[in-house]
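The values are calculated or read from the model by the stated rules, or taken from the named source; none is laboratory data. This structure is a prediction, so every number in the text was calculated from the model and none was measured. Positions of Cβ are generated from backbone atoms using ideal geometry, with glycine treated the same way; all protein chains shown enter the neighbour counts. Calculation scope for accessible area: heavy atoms of the full protein, side chains included, ligands and nucleic acids excluded. Shrake-Rupley method; radii C 1.70, N 1.55, O 1.52, S 1.80 Å.
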Amino acid sequence: MRAPPGPRGPTAPPQPLLLLCLLAAGRPGSADDGPPASPFTSLSAREEILARYSNLSLESHNLSLTEYSNVAVEKNIILQRPSNVELTCQFTTSGNLNSVNATWRKDDELIENGYLINATGKILYTQYMFTIIDSKQMGNYSCFFHEEKEQRGTFNFKVPELHGKNKPVITYVGDSTVLICKCQECAPLNWTWYHMNGSVQVPLDVQMSDKYVISGPNANETRLKIMHLSEEDQGAYWCHAIFQLGESEDHIDLAVLTYLVPLKPFLAIAAEVVLLVAIILLCEMYTQKKKNRPDDGKEFEQIEQLKSDDSNGIENNVPRYRKNESVGQ
């Protein structure tokens, strides 16, 4: 007789089922699914930064270098507000990628960690992701590939540049003028105008409404109106913009002329004409006088000859007179 079956203990699932369970546990859920940052497989740093500063936009930029690059490759990036930044450099070589070392620097300071390195075929990739929240993070970020010859790629982060007027603004005493300074696709937090006093920038007194008026029809533009101009108002005027990540400035040269200034070229020409005419007249007088000198010499010789003839005539007559007197006696 068979014994009644006792309670069974937990039985292990078949091996194929166990393998599927392990794969399912190791696979991220649908909430973590997203486009992979190819060719990089480690996304922990990227996800951490994006989660911490999820309200900031992402700026992605890349550079390509080869072993034959003779000069450093650079890229200028204009940034005016805090952002997440993702920089990628790729280096193509015909040699052994295992002998290539990749590093990053912020300005001249070595970045110890926080960047990724991966290789695909003959291409070595390195990626550095960080967040710029103030002006301290602005500057130059460079990737270096060290092989027989060092190759360098640089990302230059700058705030928007201001654009004034390249040529000087020319106006006259007593008039008014408007100086315009602006930037493209930007919105500074504040605009300020300065006037150069020697080597010192002096802020303009905007309370002098009868002298200065500052306005801005758009956020990316500022205008300075200067009234009742005098010669003391000429010089360089600097417009200064403040952004969340730094400051930028540009200058406009102002020249204030008197109404006599335009006449100076004509007066100079007239003076040259008078001087030329005077020189011509003097030359004519000198030439005429030189021509008259031979006639004066001949006339002088004739006079001397006449005087000599008269003297001879008198001398000849005197003896004859004396002879006549002796005969009469």
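Some notes on this structure:
- When only Cα pairs below 8 angstrom with a gap of at least 6 residues are kept, region 146-275 shows a relative contact order of 32 percent.
- Here is the list for region 124-180: trypsin sites (Lys or Arg not before Pro) lying in DSSP coil, each with at most 11 other C-beta atoms within 10 angstrom of its C-beta, are Lys149.
- Heavy atoms of Met285 accessible to a 1.4 Å probe, total area in Å² rounded to 10: 130 Å²
- Pair Asn98, Met196: separation of 7 Å Cα→Cβ label points (nm): 6.0 nm
- The H on the amide N of Ser83, modeled in the peptide plane, is under 5 Å from the matching H of Ile132, each at least 5 residues off or on a different chain.
- Gain on full extension, evaluated as 0.36 nm per residue between Asn55 and Ala119 minus their Cα-Cα distance, stands at 19.9 nm.
- The packing ranking of peptides 218-231, 75-88, highest mean first, is 75-88, 218-231, where packing means the average number of other beta carbon atoms within 10 angstrom of each residue.
- Per residue, region 123-204 exposes 53 Å² of solvent-accessible protein surface, assessed with a 1.4 angstrom probe and all protein chains in place.
- Approximating the spin labels as points 7 Å out from Cα along Cα→Cβ, the Lys75-to-Thr258 distance works out to 5.8 nm.
- Tyr125 accessible area, 1.4 Å probe, all protein chains in place, Å² to nearest 10: 40 Å²
- Positive-end extreme of charge dipole, region 64-114 - chosen from Thr88, Asn101, Thr66 (charges on Cβ): Thr88
- Residue order for Leu63, Leu110 - accessible surface, 1.4 angstrom probe, largest first: Leu110, Leu63
- For Val213, solvent-accessible area (1.4 Å; no DNA, RNA or ligand), Å²: 60 Å²
- Working ranking of peptides 93-105, 179-191, 272-284 by packing, defined as the average number of other Cβ atoms within 10 Å per residue, highest first, is 179-191, 93-105, 272-284.
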